[in-house]
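Peer 1: Before I ask anything, let me first share the structure, which is written out below as structure tokens.
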Amino acid sequence: MNVPEPAENHDSQLTLLDALEAEAIHIIREVVAEFERPALLFSGGKDSVVMLHLAVKALWPAPLPFPLLHVDTGHNFPEVLEYRDETVQRLNARLEVARVQDYIDDGRLQERLDGTRNPLQTQPLLDAISGHRFDAVFGGGRRDEEKARAKERVISLRDEFGQWDPRNQRPELWNLYNGRHRPGEHVRAFPLSNWTELDIWRYIERENIELPSLYYAHYRDVVERNGMLLAVSEFITPRDDEPVTTRLVRYRTVGDMSCTGAVESEAKDVAAVIEEITATRITERGATRADDKISEAAMEDRKKEGYF
């Protein structure tokens, strides 16, 4: 008996963005169902913005059942902090802030000679997780960002000291996620693991997601240092051999102002950013983050200590 093949229904086929969205929503719902005290890392950067958008979508119409957690270096871009606070107010969410400056003020941490504070975020993060007894923390890390992040599983176990062992990773076959952990341990959950920078921007375009203004081309006073364009600010003082120039730039990633570089760009809207990223062959962290250039294993070493 010849059974006729079903007619193709192109309307029912998932696009790549549909599939990535469905996977991320599935991960978020799994974590909320399995863990007692989750939290979501929210810096106001594009990845955390997309992750928060997905969380709201996954749990709608209920309000977010977990707080947002931001580790504030004290060297953040003002535009990003303003965006963070506006977003928290709009969603009526709860925001917990762990401040690096508090640790410097009381002597628990010391300023680095290079001036960057990104590596100083680890201890405030671990203390916040322990103090609030968070057993799962959503992070916006993507595997295409950096080779150490490519080693992460979607659900990544951290030991009682908050540390990560890349050799102690659980298999995740058929999208089955193992959230078992002992008292004192917690997991980091990465719903955006399989997304790329281009996927993020295409999703931002599709969902009409608002971002901090510095992600788009604008004029800014910068100095060129170690091959990067750093914004002149109270945290970056031009040296005698560093002329200050005003350039049309934008930021591909957001972090500590003292280690995050801008890129020259004329992309003033999402469509132009997508066109620009499509042509590039350098990841945003590789191009604009000085803290990842300290050594070949800089990110992996920090992740082993408990960093994002």
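Peer 1: Could you tell me which numbered condition Ile155 fails, if it satisfies all but one of (1) closer than 24 Å to Gly44 by Cβ; (2) open to solvent by less than 30 Å² (accessible area, probe 1.4 Å)?
Peer 2: (1)
Peer 1: Search the range 272-282 for residues being open to solvent by 10 Å² or more (accessible area, probe 1.4 Å) and in contact with a helix residue (DSSP H, G or I) (Cβ under 7 Å, 6 or more places away or on another chain), and hand back the single one that is modelled with the highest pLDDT. It would help to see each step written out before you state the result.
Peer 2: Filtering the range 272-282 for residues open to solvent by 10 Å² or more (accessible area, probe 1.4 Å) gives 272, 274-282.
After this cut, where a residue has to be in contact with a helix residue (DSSP H, G or I) (Cβ under 7 Å, 6 or more places away or on another chain) as well, the list is 274, 277-278.
Details: Ile274: 96, Ile277: 92, Thr278: 92.
So, considering only residues that are open to solvent by 10 Å² or more (accessible area, probe 1.4 Å) and in contact with a helix residue (DSSP H, G or I) (Cβ under 7 Å, 6 or more places away or on another chain), the one modelled with the highest pLDDT is Ile274.
Peer 1: Still on this structure, please answer the following. Name the one entry in Pro119, Pro38, Pro124, Pro65 that is surrounded by fewer than 15 Cβ atoms within 10 Å (Cβ to Cβ) and out of contact with any His (no Cβ under 8 Å at 6 or more places or on another chain).
Peer 2: Exactly one residue qualifies, and that residue is Pro65.
Peer 1: If we keep just the residues of the range 238-260 that are without any contact (Cβ under 8 Å) to a residue 24 or more places away in the chain and acidic (Asp, Glu), which is farthest from Glu284 (Cα to Cα)? Even if it seems obvious, please write down each step before you answer.
Peer 2: At the first step, the residues of the range 238-260 found to be without any contact (Cβ under 8 Å) to a residue 24 or more places away in the chain are 238-244.
From the residues that got through so far, the ones that are acidic (Asp, Glu) too are 240-242.
Values: Asp240: 29, Asp241: 27, Glu242: 24 Å.
Taking the candidates together, the pick is Asp240.
Peer 1: I'd like to know if the range 97-117 contains one or more residues that are modelled with pLDDT of 95 or more and within 30 Å of Arg281 (Cβ to Cβ).
Peer 2: no
Peer 1: Can you find, within the range 19-35, the residue that is most open to solvent (accessible area, probe 1.4 Å) among those that are small (Gly, Ala, Ser) and free of Cβ contacts under 8 Å to residues at least 40 places away in the same chain?
Peer 2: Of the residues in the range 19-35, the ones small (Gly, Ala, Ser) are 19, 22, 24, 33.
If we keep only those that are free of Cβ contacts under 8 Å to residues at least 40 places away in the same chain too, we end up with 19, 22, 33.
On the way: Ala19: 46, Ala22: 53, Ala33: 86 Å².
Filtering the range 19-35 for residues that are small (Gly, Ala, Ser) and free of Cβ contacts under 8 Å to residues at least 40 places away in the same chain, the one most open to solvent (accessible area, probe 1.4 Å) comes out as Ala33.
Peer 1: Can you find, within the range 127-142, the residue that is nearest to Ala98 (Cα to Cα) among those that are touching a Gly at 6+ places or on another chain (Cβ under 8 Å) and crowded, with 20+ Cβ neighbours inside 10 Å? Break it down into steps so the answer makes sense when it comes.
Peer 2: Of all residues in the range 127-142, those touching a Gly at 6+ places or on another chain (Cβ under 8 Å) come to 129-130, 136, 140.
Within this subset, residues satisfying the condition of being crowded, with 20+ Cβ neighbours inside 10 Å are 129, 136, 140.
On the way: Ile129: 10, Ala136: 17, Gly140: 18 Å.
Checked the range 127-142; the qualifying residue nearest to Ala98 (Cα to Cα) is Ile129.
Peer 1: To continue, here is another question. Has the range 192-213 got at least one residue that is touching a strand residue (DSSP E or B) at 6+ places or on another chain (Cβ under 9 Å) and either without any contact (Cβ under 8 Å) to a residue 24 or more places away in the chain or among the hydrophobic types (A, V, I, L, M, F, W, C) (or both)? Give the derivation first.
Peer 2: First, pick out the residues of the range 192-213 that are touching a strand residue (DSSP E or B) at 6+ places or on another chain (Cβ under 9 Å): none.
No, there is no match, as no residue in the range 192-213 is touching a strand residue (DSSP E or B) at 6+ places or on another chain (Cβ under 9 Å) and either without any contact (Cβ under 8 Å) to a residue 24 or more places away in the chain or among the hydrophobic types (A, V, I, L, M, F, W, C) (or both).
Peer 1: Then there is this: Quick one: which of Val232, Val263 is within 26 Å of His70 (Cα to Cα) and either touching a His at 6+ places or on another chain (Cβ under 8 Å) or without any contact (Cβ under 8 Å) to a residue 24 or more places away in the chain (or both)?
Peer 2: Values: Val263 fails: either touching a His at 6+ places or on another chain (Cβ under 8 Å) or without any contact (Cβ under 8 Å) to a residue 24 or more places away in the chain (or both).
Exactly one of Val232, Val263 is within 26 Å of His70 (Cα to Cα) and either touching a His at 6+ places or on another chain (Cβ under 8 Å) or without any contact (Cβ under 8 Å) to a residue 24 or more places away in the chain (or both), namely Val232.
Peer 1: Name the strands (runs of 3 or more DSSP E) wholly inside the range 172-260 in which the number of residues that are of a type in the set (A, V, I, L, M) and surrounded by fewer than 17 Cβ atoms within 10 Å (Cβ to Cβ) is 1 or more. Walk me through how you get there before you give the answer.
Peer 2: Values: elements: 186-189, 218-225, 228-231, 245-250.
So the answer is 245-250.
Peer 1: Give the residues of the range 170-181 that are touching an Asp or Glu at 6+ places or on another chain (Cβ under 8 Å) and either more than 19 Å from Glu34 (Cβ to Cβ) or free of Cβ contacts under 8 Å to residues at least 40 places away in the same chain (or both), sorted by residue number. Break it down stepwise before answering.
Peer 2: Restricting attention to the range 170-181, the residues satisfying the condition of being touching an Asp or Glu at 6+ places or on another chain (Cβ under 8 Å) are 175, 177-179, 181.
Matches in the range 170-181: Asn178 only.
Peer 1: So, of the residues in the range 158-168 that are open to solvent by 30 Å² or more (accessible area, probe 1.4 Å), in contact (Cβ under 8 Å) with a residue 12 or more places away in the chain and not hydrophobic (A, V, I, L, M, F, W, C), which turns out to be nearest to Leu125 (Cα to Cα)? Give the derivation first.
Peer 2: Start the filter on the range 158-168 by keeping residues that are open to solvent by 30 Å² or more (accessible area, probe 1.4 Å), which leaves 159-161, 163, 165-168.
Remaining after also requiring in contact (Cβ under 8 Å) with a residue 12 or more places away in the chain: 159-161, 163, 165-166.
If we keep only those that are not hydrophobic (A, V, I, L, M, F, W, C) as well, we get 159-160, 163, 165-166.
Numbers: Asp159: 14, Glu160: 14, Gln163: 12, Asp165: 18, Pro166: 19 Å.
Residue satisfying both the conditions and the ranking: Gln163.
Peer 1: May I ask you to verify whether Leu81 is touching a residue at least 12 places away in the same chain (Cβ under 8 Å) and open to solvent by 40 Å² or more (accessible area, probe 1.4 Å)?
Peer 2: On the way: touching a residue at least 12 places away in the same chain (Cβ under 8 Å): yes; open to solvent by 40 Å² or more (accessible area, probe 1.4 Å): yes.
So Leu81 passes the test.
The values are calculated or read from the model by the stated rules, or taken from the named source; none is laboratory data. This one's a predicted model, so the numbers in the text were calculated from it and none came from an experiment. Note that each Cβ is placed from the backbone with ideal geometry, even for glycine, and that neighbours are counted across all protein chains shown. SASA here: full protein model, heavy atoms, side chains in, ligands and nucleic acids out. Shrake-Rupley method; radii C 1.70, N 1.55, O 1.52, S 1.80 Å.
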